[in-house]
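Working notes, structure below.
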2 protein chains.
Amino acid sequence: MMKHNLIYILPFAIVFFASCNYHQKIEDPKQNALIFARGDKNTTDNFKGEVWVKSLINADSLNETAVGNVTFEPGARSKWHIHPAGQILLVTDGVGYYQEKGKSKQILHRGDVVKCPPDVPHWHGASADTAFVQIAITGREKGPTVWLKPVTDEEYNKT
Amino acid sequence: MMKHNLIYILPFAIVFFASCNYHQKIEDPKQNALIFARGDKNTTDNFKGEVWVKSLINADSLNETAVGNVTFEPGARSKWHIHPAGQILLVTDGVGYYQEKGKSKQILHRGDVVKCPPDVPHWHGASADTAFVQIAITGREKGPTVWLKPVTDEEYNKT
């Protein structure tokens, strides 16, 4: 009987490993994030590291709110900056950081939301180990984003 | 040998069916939608059918943009209504409808975005068979939503 064992064990093993691979693929947080396109790789110096930006809604004269999908690869971050009309962030995936000048760094997870007041210097980005995906909702009625200094590694790593 | 077949086939069958159930669970579109809480069941008469609303960001004097997560069960819909400062919709799951007065009904899917101009009568809701989840971004600086007539079944079903 023993010589026939492989015939029975082989399909069991195939299904087991196939189901494991499927499991890993679906549980990858990046799979769930793809509600909106990742867009184009940032080429400005307003960010450090790999950042992808997809504009979803442009501001116009009737509704001056812009909406974009921003993906930060691990370690990527914005410079310190100001939005003259403020900004709202909706975290759709991953783990990231948000810090306002003079306050502690906040750790953000999928499902978190942030309301950044007008004219408050702040930065945001991914955590060191995990990518971060956010929808950014930005009023343009008081002018464009004002970019400030880069976030130093000391600032980025401070807990 | 044949009397031992069950011993080999049973674990194979268990893994096979377990992997199928897992697959179904993850591929259910409602599983992916739960980035933001479903919130509370609507109790106003501004909607027909089962609608759930979660406020994510309230408007304030510095940033008058409100953000909410709205879930329409199949067949559920808003009344016709107007946003004095316009609205932006981001579809995060399911299949829904959006129609502006005098235009054809649009079918919306996960990943679609809509910019509804100020003061244009419109309605939105789920398709007849599939629930619909949207993030609604609404400027409050020109006053609250103005609710109009219910959407008739004829309007809802018209293709």
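Laboratory data are not the source of any read-out in this text; all were calculated from the coordinates shown. All values reported here derive from a predicted model rather than from experimental measurement. Using ideal geometry, Cβ is built from the backbone for each residue, glycine included, and neighbour counts are taken over all protein chains shown.
Some observations on this one:
- 22 Å Cα-Cα threshold exceeded, pairs from B:LYS41/B:LYS103; B:LYS48/B:LYS149; A:LYS101/B:LYS54; A:LYS54/B:LYS54: B:LYS41/B:LYS103; A:LYS101/B:LYS54; A:LYS54/B:LYS54
- Shown for A:LYS149: label points 7 Å from Cα along the beta-carbon vector, and their distances to the equivalent points in the other copies, 6.2 nm in ascending order.
- Remark: mean inter-chain Cβ contacts per residue of B:86-96 equal 3, using a 10 Å Cβ-Cβ cutoff to other protein chain atoms.
- Other-copy label distances relative to B:LYS103, 7 angstrom Cα-Cβ extension, nm: 3.7
- Rg/Rh for the range B:40-157 stands at 0.93; both radii use Cα atoms, and Rh follows the Kirkwood definition.
- Separation between Cα centres of the range A:81-96 and the range A:116-159, rounded to whole Å: 7 Å
- Cross-link reach is defined here as a Cα-Cα straight distance under 14 Å, omitting same-chain residues fewer than 8 places apart; for B:LYS79 the aspartates and glutamates meeting it are B:ASP45, B:GLU50, B:GLU100, B:ASP153, B:GLU154, B:GLU155.
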